[in-house]
Structure formats: structure tokens, C-alpha cells
1. Quickly run through region 269-304 and pick out the residues that are touching a Pro at 6+ places or on another chain (Cβ under 6 Å), farther than 13 Å from residue 325 by Cα and crowded, with 17+ Cβ neighbours inside 10 Å.
2. Taking region 203-225 as the region of interest, how many residues are basic (Lys, Arg), within 13 Å of the ligand (Cβ to nearest atom) and in a loop (DSSP other than H, G, I, E, B)?
3. State whether the residues of region 156-176 include one that is within 25 Å of residue 42 (Cβ to Cβ) and in contact with a strand residue (DSSP E or B) (Cβ under 6 Å, 6 or more places away or on another chain).
4. Within region 44-85, take every residue that is more than 22 Å from the chain's Cα centre (by Cα) and within 28 Å of residue 197 (Cβ to Cβ) and give me the one that is surrounded by the most Cβ atoms within 10 Å (Cβ to Cβ).
5. Taking region 174-199, which residues are more than 11 Å from the ligand (Cβ to nearest atom) and at pLDDT 90 or above?
6. Collect the residues in region 167-210 that are closer than 16 Å to residue 117 by Cβ, in contact (Cβ under 8 Å) with a residue 12 or more places away in the chain and polar (S, T, N, Q), keeping them in residue-number order.
7. Would you say residue 87 is acidic (Asp, Glu), modelled with pLDDT of 95 or more and not in a helix (DSSP H, G or I)?
8. Looking at region 48-95 only, could you name the residues that are among the acidic types (Asp, Glu) and more than 30 Å from residue 333 (Cβ to Cβ)?
Amino acid sequence: MLMQNVRVRFETSRALDAIERRLTVDPLAAGGVIDLVDAARSVDLDGGRPAALLRLGQYIDALSRRLGDGNTALYAITERGAMSDTDFTSNERMVLRRWSDDGLIEMLPPGARVNARVREVAHLTGVPVISRSPLPGHPGPVYLTTGAPGNLELTLAPATGATRTHPVLQRYWRCPASDCPVLGRPPSGGAGQAPPALPSGAPICPRHGDRLIDSGPRPPAMMLAVRINSQVRARFPVTAVRPVVVGRAPDDQQGVTIGNWLDDESSRRVSRNHLRFELRDGMLLVTDVSTNGAAILARTGPTAPPREMDLNRGEPKALGEWDEVEIYPEITVGRADRPPADAPTGSAPASVMADAPTIALRLPPPR
Ligand SMILES: [Zn+2]
């Protein structure tokens, strides 16, 4: 029993490490926003302990399968009460503190309404909420959890309103609290920044409640994904600062190279420089710079059937929220957080639960 406990502890910490690598408060990297404790308390998934951080892994896996993206991350939010919740093991409470201190999750003040902040983040950023029950009145997209226990699935409910860029997201913000892990300093290298909380209109730090300091203009940015046979093979941010070229082997060193993923036939059809993406006046524009052409698969929503539209070579065209650009059959580029509704085929992305001990959820928490 002792040896087994040691092994379970080892495997649990490895699985939590795998989960940790997929947590973010960068809306550009996130595929979904979630109430952390609500997810950890989904006992119905396995019939185990009342609360378990390992369950987050099931949501990350479900999101990966939904997006066909083994690198998508979860934007998890909770409040300080979780760190003294004895339904978690002492190790889990320690892990929560570490995630919070490292800025991997949003830790709200004690007793804060986590659900309201989840909706606020989703509303401001357009990243879908992951919820176990419908959210009446929420304007943005929502993933509802379905599927049998142990095999969680996320179904995208259509948005009831359009996502618009809020003026507060046109600035970088800095929290005056020293070493704020969420809004300490403006991000660099194409990363995004957690949106401020706006309880009364003025931007404040969601963690500290302090009024935020304006740190200058933030160029609009959007995360795009190259999907090959429904699997995301590349993710890249497009900002208003410079366009990005996608192709077999773009001349621009900072272009997105997809040559490694192509077979002989598609290699012949995909140009070295195939598509150019840029953000202009908040609009995503695509230009066909290829030899063999490309088409737009226009969709009005996640479940709408695609309508094929021609793309004239050298002529920039605006892309809608759910549109994709088809380079070649089964090779498309679109928004990373707006996957087409047809379920991904092909091999499923690697699971973060690979190392998780199945027994861990059933053991009583050690006191
Ligand atoms: Zn702060």
C-alpha cells in the first residue's frame, strides 16, 4: 500500500505538471475560459473525490480534441478560498498557490464571483466559456460539456451576439502591486495580456483590485491556426504591426512554414509563399500570393455549412469570424479559437492525462 501510494503521488504530480503546461492567462493562447473549482468538482466525470485538480486534465483533453490542437491552453479562474478548501489535498492546495504565484491562473480576491469574471474574460476576449450548464444572456460562444463520464466532449453553442473589440483592449495595462503575476508588465514576443476587470467601468487588476496604469497602445492581435486533416499543425499570431506569410517555405524567415506536413501531391500545389495575413482597422485580411490559388470557406457560425468564395490573386479580402481559407483540400487557415463544427478526424492530440493514475481520484485525501 505504501509503495502504491508513493507511485500514485509520483504519477499525480507528473499529470499535474502536464496540466500546468497547458494553463495560461494569455487570451491569445487560450482555447477556453473555465471556472477552475467548478471543473475540479465535476464528480460525475469519475465518481471520485469531491474535488480533484486532475479533472482539469479531462477538460484540457476535451478542448484539444474539439480544436484538433494538442497545444491549446485553458484560461482557468478561481478565488483565494480555493487554496484553503479542504476538499483538495494539501498538495493540490500547494499546487494552486504555485499556479497562482506563477501567473498561470487568475486568482481573484476571497469570495469573488468567479462565474462573473469567467463571463467577463470571455466577453472581452471572445474566447469561449467552457460550462457544464447553459449561460443565459451570455453573448459569446459557449462550450457545453456533454458525453459519457470519462469521455468528456465539448459542444459549441452558437453565440447570441457578436464579439466586438472593447476599447480597454486597445491599451496595455500594468498593476501597481509589486510582482503582480497577471498584469505585472506588458507582454512581449507576440503574447497577449489578460483583460482588466471592469466592475464599474474603470480597469482594475482582477487579482489585486487596484486601479490599473495605462502602459501604452496595444496593437490588435489575433491567433490563427493552420489545420491539416483537421489537426492544428501551426499556430501564429497576426498583429497590426506586420503581415504574416503562410506557405510551403516562405521567403520571410518569420513566415509560417507548413512544408513538413505536406505529402507529395499537396507539396506540388502549395506555393512557397501562399497566403498573406494582416490586421487592418481591426479586420483580418487575407491575400492570395500563390501560383495555384486558394478559396475562402465562408461560414456565418460554427455549424453553418461553408460557402466557397473565390479569392482573387493579389487582392486583399476580409475574413469573417468563422471563415477559413482553403489552400488545398484539407489544408485550411482560420482563427485558432473558431474551429469548424465538423468533428476533427484523424489521430487525436496527445492527452495530458497519459501519466494520470486512475486510482488517484478515488483515494481519500490525506490529511
Ligand atoms: Zn495585480
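1. Those that are touching a Pro at 6+ places or on another chain (Cβ under 6 Å), farther than 13 Å from residue 325 by Cα and crowded, with 17+ Cβ neighbours inside 10 Å: 273, 278, 279.
2. Number of matching residues: 1.
3. Yes: region 156-176 contains one or more residues that are within 25 Å of residue 42 (Cβ to Cβ) and in contact with a strand residue (DSSP E or B) (Cβ under 6 Å, 6 or more places away or on another chain).
4. 82
5. Within region 174-199, 193, 195, 198, 199 qualify.
6. Hit for region 167-210 is 193, nothing else.
7. yes
8. Initially, region 48-95 is screened for residues among the acidic types (Asp, Glu), giving 61, 69, 79, 85, 87, 92.
Passing the criteria: 79, 85, 87, 92.
The values are calculated or read from the model by the stated rules, or taken from the named source; none is laboratory data. Computed from a predicted model, the values in this text were never measured in an experiment. Ideal geometry is used to build each Cβ from the backbone, glycine not excepted, and the neighbour counts take in all protein chains shown.
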